[in-house]
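The values are calculated or read from the model by the stated rules, or taken from the named source; none is laboratory data. Note that the structure is a prediction, hence the values are computed from the model and not measured. Here the Cβ positions follow ideal geometry from the backbone for every residue, glycine too, while neighbour counts run over all protein chains shown.
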Amino acid sequence: MAEPPISTLSGWGRHSARGRELIGEDLEGLSERAHLSRGLGRSYGDSSLPADQQEPVLNTRFADRILHFDEESGALRAEAGLSLSELNRLLMPRGYFTPVSPGTSFVTLGGMVAADVHGKNQHRAGNFGDHVTALRMRVGDGSIIECSPQEHSDLFFGTIGGMGLTGHILEVEFVLRRIPSEWVWQESRRIQDIDEFQDALEEAATEWPYTMGWIDCLARGKNMGRGILMTGDWAEADEAPPTPPKQGFRPSLRFEWPSWVLNGLTIRAFNELYYRKQWRRESQGIVSHASFTYPLDAIRSWNRMYGHRGFTQYQCVLPREAGRSSARRVLEVLTTRGGASFLCVIKDFGREGRGVLSFPRPGITLALDVAVRDDTQALVDALNEQVLREGGRIYLAKDSFTRREHFESMEGERLDRFRAVRDRWDPERRFRSAQSVRLLGD
Amino acid sequence: MRVAFLGATKGMGRALARRMAERGDVLCLLGRNPEDLERSAADLRIHGGGAEVHCVPCDLEKPETFSTAIAAAREALDGLHVVVISAGIFATQDELEADAELTERLLRVDFTNTLLFCEAAKKALLKEGGGTLCAFSSVAGERGRKPVILYGAAKAGLTRYLEGLDHKHSADGLHVITVKPGFVKTSMTAGLPPPPFAGEPDGVALRVLRAIDRGTPVVYAPSAWRLIMAVIRALPRALMRRIGF
């Protein structure tokens, strides 16, 4: 087969690189020649981008067959390119759902493992990797092996949250959970400031399986951290409307918006409006699962809103030990630098992930969407320095600006353990990405 | 419906087979790689919520296997209502011009062998008293065009053959469906820059399924390609010589 042509590959934040992309149904065959797997390209930064344009990457999205499904236990095995949206379309009407879902359904199972994704139920269900029972992989020496918590466990735990750097994930086995309906009982509540937010999240965590908050990042002083807390639980079959929710029309942003559209003023207006939308202190009701879990999936290619320079999402976790004022200190770094985040999300984490490099740990996470401008590097540096002081860390699936020295200080001995897995399974560093070269040096 | 399907493991065929399984059709997959067929069968059984899916070996490069394979499919399905063929090969004009062996193989598989397969399917369906033969041709066969001269020639021949088959056997209860996909994002077109109106396999599958149910003889997918090709067919030769499309 001919070499695929060189094209521009990009992450969701529109950060891009030139490279060759292999794509096809036959992952086993194609993975022999590829240096990294990528799925639907929803990691924001450079995790799925090639380190070198001569090193082809393998797009897995046509490898999407379900190989086994046990209706009793919910155990499912599928090829790594199966998307969550397809899985939901097929199995939600039958009462099954992934135990952990990120905020978009346009992700592949392989990507969910590689980033060890978390969702609104992190405080209860942990990360996606906590529910994975086995992986089939092509490793550095070219062989194909099966790994699990029992078998080649170092490879298994290195791969969960390992950003594809331990080998190609060919098949994923995990356990789905039962759901009573495709509808969610949602409550939302206005929150005055960042301290109240953390109390509210902590309290909601004991009652609700799904929680998250939206913060108006431009509010300062006593209003800093004001926003809306959203909580949800599955609607029981007798509370839910009798028919499943309909997939409405999903408009698409056809063109890139010019970069001046998102400026301090429009971002402020959006955030103010969004906050005012919740004009009652509390509201509740039954909504479709998709509008609760995947609100942004309603507009396809919404990333074009940020223009050709794109955007970055800065997501960090601040450990519980850092105390409750740590979130305020990080937000202050953003506001004092005049950084305007279009969208800011806050969520509490309940437990550490199982992967060597899994992102979550008990504490609070903040995710800030920031349009890329000339000063973005300086902003990320300043945020990272603050996060380092708090003892926190960043989420690789979102990152494209962190410096290697910052990353190394955040990860410490976890990085040594990850390097040991790579040394054992891929000593020649066949598997690498633009991100691994930037943050790990190889 | 009881469906024998050559090409259900990949691309548009995979999407169509899934839609069929999901609505309860009984499928028999034909193909040359038993392991790959079995993986697709497992997937289709789950899509169909425990649907019945059979597998029968058949190689589009070996015409001598066609009659036995279709007979075996009929046996496994205990009847035969629909035969679908979406298998085939694709190569760009540049690749074909550089490789005479590949050209010969593509013309043989996409034209000669596909027709021979349809002949075998036609006989089996007529023996059942009628049914549907659904074959994937292409908009590439609508007009001689610079980027798809050889591939388009094979597909043009296939389209004409299917048209004749429809004329001759429509009265016998044989519905012949000619599918003419435009640019669809599959592994076959990977690496080619997608034009506007590029389609997704599942969208094609839904249109084809409706055409099979209604007995629509010709189906363009995505639908915009019907109009696009009408324009292309109307363009004067002098213009076709100048444009690259």
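B:Leu77 falls short on exactly one of the conditions (1) touching a residue at least 60 places away in the same chain (Cβ under 8 Å); (2) out of contact with any strand residue (DSSP E or B) (no Cβ under 6 Å at 6 or more places or on another chain); (3) closer than 17 Å to B:Arg2 by Cα; (4) away from chain A (no Cβ under 12 Å), and that condition is (2).
Within region A:276-307, being of a type in the set (D, E, K, R), over 23 Å from A:Asn88 (Cα atoms) and outside any helix (DSSP H, G or I) holds for A:Arg280, A:Arg281, A:Glu282.
With the condition being buried (at least 18 other Cβ atoms within 10 Å of the Cβ), I'd like the helices (runs of 4 or more DSSP H) fully within region B:127-245 carrying at least 1 qualifying residues. Break it down into steps so the answer makes sense when it comes.
Numbers: elements: B:149-169, B:201-214, B:224-234, B:237-242.
The qualifying helices (runs of 4 or more DSSP H) are B:149-169, B:201-214, B:224-234.
Can we say B:Leu192 is under 26 Å from A:Asp64 (Cα atoms), out of contact with any strand residue (DSSP E or B) (no Cβ under 9 Å at 6 or more places or on another chain), away from every other protein chain (no Cβ under 14 Å) and not basic (Lys, Arg)? Taking the combined requirement at face value, the residue does not satisfy it.
For region A:66-84, the condition holds for at least one residue, the condition being that it is facing another protein chain (nearest Cβ under 10 Å), surrounded by 19 or more Cβ atoms within 10 Å (Cβ to Cβ), more than 18 Å from the chain's Cα centre (by Cα) and closer than 15 Å to A:Gly111 by Cβ. The residues of region A:29-40 that are closer than 17 Å to B:Gly191 by Cβ and either at the interface with chain B (Cβ under 10 Å from one of its Cβ atoms) or over 25 Å from the mean Cα position of the chain (by Cα) (or both), listed by number, are A:Gly29, A:Leu30, A:Arg33. A search for C-beta distances below 8 Å between a residue of region A:405-417 that is closer than 15 Å to A:Leu388 by Cα and any residue that is among the small types (Gly, Ala, Ser), counting only pairs 6+ apart in sequence or on different chains, returns A:Met410/A:Gly392.
Residues are listed down the side, and each one gets a yes or a no for (1) of a type in the set (Lys, Arg); (2) within 30 Å of A:Arg429 (Cβ to Cβ); (3) outside any helix (DSSP H, G or I):
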{"site": "A:Val117", "(1), (2), (3)": "no, yes, yes"}
{"site": "A:Arg124", "(1), (2), (3)": "yes, no, no"}
{"site": "A:Leu135", "(1), (2), (3)": "no, yes, yes"}
{"site": "A:Asp154", "(1), (2), (3)": "no, yes, no"}
{"site": "A:Gly162", "(1), (2), (3)": "no, yes, yes"}
{"site": "A:Ile169", "(1), (2), (3)": "no, yes, yes"}
{"site": "A:Ser181", "(1), (2), (3)": "no, no, yes"}
{"site": "A:Phe197", "(1), (2), (3)": "no, no, no"}
{"site": "A:Ala205", "(1), (2), (3)": "no, no, no"}
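Among the residues that make up region A:286-299, is at least one of them within 20 Å of the chain's Cα centre (by Cα), at pLDDT 80 or above, among the aromatic types (Phe, Trp, Tyr) and closer than 30 Å to A:Glu321 by Cβ? The answer is no; no qualifying residue exists.
Would you be able to say whether some residue in region A:9-28 is within 14 Å of another protein chain (Cβ to nearest Cβ), part of a helix (DSSP H, G or I) and either without any contact (Cβ under 8 Å) to a residue 40 or more places away in the chain or over 30 Å from A:Ser181 (Cα atoms) (or both)? Yes, there is a match, as at least one residue in region A:9-28 is within 14 Å of another protein chain (Cβ to nearest Cβ), part of a helix (DSSP H, G or I) and either without any contact (Cβ under 8 Å) to a residue 40 or more places away in the chain or over 30 Å from A:Ser181 (Cα atoms) (or both). The sole residue among B:Arg45, B:Arg105, B:Arg32 that is touching a Pro at 6+ places or on another chain (Cβ under 7 Å) and surrounded by fewer than 22 Cβ atoms within 10 Å (Cβ to Cβ) is B:Arg32.
One line per residue, one yes/no per condition, for (1) within 14 Å of chain A (Cβ to nearest Cβ); (2) in contact with a strand residue (DSSP E or B) (Cβ under 6 Å, 6 or more places away or on another chain); (3) over 24 Å from B:Phe111 (Cβ atoms):
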position	(1), (2), (3)
B:Gly157	no, no, no
B:Leu165	no, yes, no
B:Val179	no, yes, no
B:Phe183	no, no, no
B:Leu206	yes, no, yes
B:Asp213	no, no, yes
B:Met229	no, no, no
B:Leu235	no, no, yes
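Among the residues of region B:21-47, the ones that are more than 10 Å from chain A (Cβ to nearest Cβ) and closer than 17 Å to B:Ala205 by Cβ come to 6 in all.
Please determine whether any residue of region B:167-174 is touching a strand residue (DSSP E or B) at 6+ places or on another chain (Cβ under 7 Å), among the hydroxyl-bearing types (Ser, Thr, Tyr) and closer than 29 Å to B:Ala72 by Cβ. Within region B:167-174, not a single residue is touching a strand residue (DSSP E or B) at 6+ places or on another chain (Cβ under 7 Å), among the hydroxyl-bearing types (Ser, Thr, Tyr) and closer than 29 Å to B:Ala72 by Cβ. Looking at region A:112-144, which of its residues are surrounded by 20 or more Cβ atoms within 10 Å (Cβ to Cβ) and more than 21 Å from the chain's Cα centre (by Cα)? A:Arg136, A:Met137, A:Arg138, A:Val139, listed by residue number. For B:Thr65, the criteria (1) in contact (Cβ under 8 Å) with a residue 12 or more places away in the chain; (2) more than 14 Å from chain A (Cβ to nearest Cβ) hold in every case but one, which is (1). For A:Leu87, the criteria (1) in contact (Cβ under 8 Å) with a residue 24 or more places away in the chain; (2) within 14 Å of chain B (Cβ to nearest Cβ) hold in every case but one, which is (1).
State yes or no: is A:Ile6 within 13 Å of another protein chain (Cβ to nearest Cβ), among the aliphatic types (A, V, I, L, M) and farther than 22 Å from A:Phe106 by Cα?
Details: within 13 Å of another protein chain (Cβ to nearest Cβ): yes; among the aliphatic types (A, V, I, L, M): yes; farther than 22 Å from A:Phe106 by Cα: yes.
The answer is yes for A:Ile6.
Matching residues to (1) surrounded by fewer than 22 Cβ atoms within 10 Å (Cβ to Cβ); (2) touching a residue at least 12 places away in the same chain (Cβ under 8 Å); (3) of a type in the set (Asp, Glu); (4) in contact with a strand residue (DSSP E or B) (Cβ under 9 Å, 6 or more places away or on another chain):
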{"position": "B:Ser40", "(1), (2), (3), (4)": "no, yes, no, yes"}
{"position": "B:Glu52", "(1), (2), (3), (4)": "yes, yes, yes, yes"}
{"position": "B:Val56", "(1), (2), (3), (4)": "no, yes, no, yes"}
{"position": "B:Asp59", "(1), (2), (3), (4)": "yes, yes, yes, yes"}
{"position": "B:His81", "(1), (2), (3), (4)": "yes, yes, no, yes"}
{"position": "B:Val84", "(1), (2), (3), (4)": "no, yes, no, yes"}
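From the list A:Glu55, A:Glu72, the one residue that fits, being over 24 Å from A:Lys398 (Cβ atoms) and acidic (Asp, Glu), is A:Glu72. All conditions but one from (1) surrounded by fewer than 17 Cβ atoms within 10 Å (Cβ to Cβ); (2) touching a helix residue (DSSP H, G or I) at 6+ places or on another chain (Cβ under 9 Å); (3) part of a loop (DSSP other than H, G, I, E, B) apply to B:Lys123; the one that does not is (3).
For every residue, the table says whether it meets (1) over 18 Å from A:Leu135 (Cβ atoms); (2) touching a Phe, Trp or Tyr at 6+ places or on another chain (Cβ under 7 Å).
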site: A:Ser10; (1), (2): yes, no
site: A:Gly13; (1), (2): yes, yes
site: A:Ala17; (1), (2): yes, no
site: A:Glu28; (1), (2): no, no
site: A:Ala34; (1), (2): no, no
site: A:Arg42; (1), (2): yes, yes
site: A:Gln53; (1), (2): yes, no
site: A:Asn59; (1), (2): yes, no
site: A:Asp64; (1), (2): no, no
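Go through region A:391-442 and count every residue that is closer than 16 Å to A:Thr166 by Cβ, of a type outside the set (A, V, I, L, M) and more than 19 Å from the chain's Cα centre (by Cα). Going through region A:391-442 one residue at a time, the tally reaches 17. Taken together, A:Pro50, A:Pro102 contain a single residue that is more than 14 Å from chain B (Cβ to nearest Cβ), surrounded by 24 or more Cβ atoms within 10 Å (Cβ to Cβ) and part of a loop (DSSP other than H, G, I, E, B), which is A:Pro50.
Just one of the listed residues (A:Ala269, A:Ala240) is loosely packed, with under 13 Cβ neighbours inside 10 Å and either assigned to a helix (DSSP H, G or I) or hydrophobic (A, V, I, L, M, F, W, C) (or both), and it is A:Ala269.
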